[in-house]
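A.B. asks: Before anything else, here's the structure in question.
Laboratory data are not the source of any read-out in this text; all were calculated from the coordinates shown. Quantities reported herein were computed from a predicted structural model and do not represent experimental measurements. Virtual Cβ from ideal backbone geometry, glycine too; neighbours counted across all protein chains shown.
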Amino acid sequence: MISTLQKMRATYQPKLPKGLQGMVKAEEGEKTQSVDNQEEIKALFPNTYGMPLIQFVPGGEVASKQMNVGVILSGGQAPGGHNVICGLFDAIKKLNPENRLFGFILGPGGLVDHNYKELTADIINDYRNTGGFDIIGSGRTKLEKEEQFEKGLQIIRQLDIKAIVIIGGDDSNTNACVLAEYYAAKKYGVQVIGCPKTIDGDLKNAQIETSFGFDTACKTYSELIGNIQRDCNSSRKYWHFIKLMGRSASHIALECALQCQPTMCIISEEVEQKDLSLNDVVEQIATAVARRAAKGWNFGTVLIPEGLIEFIPAIKRLIAELNDLLAAQGEKLKGLDDEELRKYILSQLSSENAKAYESLPVGVMRQLSLDRDPHGNVQVSLIETEKLLSDMVAAKLAVWAKEGKYNGKFTALHHFFGYEGRCAAPSNYDADYCYALGTSAAHLIANGKTGYMAIVKNTIKPADEWIAGGVPITMMMNMERRNGEQKPVIRKALVELDGKPFKTFAANRDKWIEETSFLYPGPIQYWGPTEVCDQPTKTLTLEQE
Ligand code: FBP
């Protein structure tokens, strides 16, 4: 049984750029180099470094022999993943109806464990324009060891697969690049293509305008924030502390702020640049609360990016040392109870970092000492920053009240929006963008490419004018410290403080505290006027205009 909306939505035909609508020709552009550490990246990726950019234009197609393709969904869910697979499926079938698509189950682990299913037309048709990754499931297994690559090769050979498409974020596409290089170096003839996924919006650069899912996730959170703001403005008695997903980057919080005009929004990248302490951030919020209380307004909304804690410089330094400690002694630490762990960590840290560690509430201290995800990231979605901040604001206001500097009522409510938006039914933007990405991936494969990521650009214009192609993944790489070692990774895009989205926010934020300027964006619309149905995010529009 499927819902009526899902039934109607299945009939939506995603729009494709002109270059992908009929016969498709691949045009090669300039040779590329990595964004930094060129010599190191070149030495690590001798077979996939320096390849040219690819653009698809209408024209004579390469003759396509029968081929089988494998697809993997990797990492956190993002709206539109199913449409990447649908676009890939439709395009390979158009190239040759005998072509077959195999999905590996529950992420990259499915390739290693030989866990797969063939994706046939009847399965694909049930997932067109739907949210979620449940068609084959997702996972966070890190592909990095030779034995995993060789184990994967066995099933690739068994299924006669020509190419693997890895749909993932920066870490997963880094893995795609490593896998592509390995298979190329061994001359196995297996191609690997990546696709830019993540709601976090931090996989973007000169070639990738946005990662898919960011649009739908932000619109979903903005609907919820708008609803809360209406409620808040109706009863005028609560401060809502709303934490938003996004890992390290504050793109989601910033986009929701541009869409909803909350009372306040903290941007982690600014906190770092201004070298603010946790106490400084608390003081900023408490000052806003006090300013509004003076007008008799004991209500408001505060947006908090989930990665904030990592950007407070003292805590960032602490995390860097903890990461090295966990990488070196993780196994030993696993056997310790909370108190033993705290004591042992304190004995190992430098005195400055030990001080920062001890100043944190016990819960946060424990969270920072826990296992990293398979890619070495702190699991920031598990840290209750919204509660930590509101407790500290309440304590500060109590002191100010005693000093006669504050006279108001502060009642805080807490929310965390993340999982609510990662599987939402894709907006028209994400439905179209993802379908075009999947179609591009198919043509990169047909043209014999490996180590490329499928891209679609010019997406603030009507879909007809979008430009599809491919970018060598090595072009986006630099060397960074991970799990205690220097590693080649795709550079993460954080919020740029001299970029238009942040500047637009900064120019208005004082007014949002002084007045109540809430906007209520409402739910995503799938049918109706293009001004409400087909608009990209404010971030993308401001960046590209
Ligand atoms: P990706 O980087 O894999 O796209 O995941 C994004 C994300 O939703 C983050 O915003 C969040 O911090 C994290 O996943 C949560 O991870 P998990 O799904 O393992 O709980």
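A.B. asks: Only loop residues by DSSP count here, and only those with at most 12 other Cβ atoms within 10 Å; note down the trypsin sites (Lys or Arg not before Pro) in the stretch 1-105 that meet that.
C.D. replies: Hits after loop and neighbour filter: Lys65.
A.B. asks: Can you spot the lysines whose alpha carbon is less than 16 Å from Lys219's alpha carbon? Ignore those fewer than 8 places along the same chain.
C.D. replies: Lys243, Lys538
A.B. asks: May I pose another question? Which angle between 0 and 90 degrees, to the nearest 10, do you get for helix 251-260 versus the longest principal axis of the chain when only C-alpha atoms count?
C.D. replies: Tilt relative to the chain: about 70 degrees.
A.B. asks: Now for a different question. Have a look at Cys177, Gly110, Gly528 and report the one farthest towards the positive end of the charge dipole of the chain, computed about the Cα centre with Cβ charges (Lys/Arg +1, Asp/Glu -1).
C.D. replies: Toward the positive end, the furthest listed residue is Gly528.
A.B. asks: Among the chymotrypsin sites (Phe, Trp or Tyr not before Pro) in the stretch 58-126, which ones are in a DSSP loop with at most 15 other Cβ atoms within 10 Å of the Cβ? Mind listing them?
C.D. replies: Those that pass, being in a loop and sparsely packed, number zero.
A.B. asks: While we're here: Treating only the Cβ atoms of Lys and Arg (+1) and Asp and Glu (-1) as charged, compute the dipole magnitude of the stretch 147-232 about its Cα centre; round to the nearest 20 debye.
C.D. replies: Roughly 380 debye, rounded to the nearest 20.
A.B. asks: Past the 29 Å Cα-Cα mark, which pairs from Lys274/Lys405; Lys237/Lys274; Lys396/Lys511; Lys42/Lys492; Lys387/Lys461?
C.D. replies: Pairs exceeding 29 Å: Lys237/Lys274; Lys387/Lys461.
A.B. asks: If you take the beta carbon distance between Ala394 and Glu545 as r and set R0 to 25 Å, what does 1/(1 + (r/R0)^6) give as a FRET efficiency, to the nearest 0.05?
C.D. replies: About 0.05, to the nearest 0.05.
A.B. asks: A further question on this structure: Would any residue of the stretch 419-442 have its amide N under 20 Å from a label point 7 Å out along Cα→Cβ of Gln6? List them or say none.
C.D. replies: Within reach of a label on Gln6: 419-428, 430-432, 435.
A.B. asks: Using the alpha-carbon atoms, what tilt in degrees (0 to 90, nearest 10) does helix 278-294 show relative to the longest principal axis of the chain?
C.D. replies: 60 degrees
A.B. asks: If I take all pairs of Cα atoms in the chain, what percentage of them are more than 43 Å from each other?
C.D. replies: Within the chain, distances greater than 43 Å cover 20 percent of Cα pairs.
A.B. asks: While we're looking at this one, here's another question. Whole number please: convex hull volume per residue of the Cα set in the stretch 81-211, in Å³?
C.D. replies: It comes to 117 Å³ per residue, whole-number rounded.
A.B. asks: Taking the Cα centre of the stretch 494-536 as the origin, how large is its charge dipole in debye, to the nearest 20, when only Lys and Arg (+1) and Asp and Glu (-1) carry charge on their Cβ atoms?
C.D. replies: That gives the stretch 494-536 a dipole magnitude of about 40 debye.
A.B. asks: If you don't mind, another one. Rounded to the nearest 0.05, what FRET efficiency is calculated for Gln525 and Met23 with R0 set to 25 Å and r the Cβ-Cβ distance?
C.D. replies: After rounding to 0.05, the efficiency reads 0.15.
A.B. asks: At a Cα cut-off below 15 Å, give the aspartates and glutamates reachable from Lys343, other chains included and same-chain residues fewer than 8 away excluded.
C.D. replies: Straight-line reach from Lys343, under 15 Å: Glu358.
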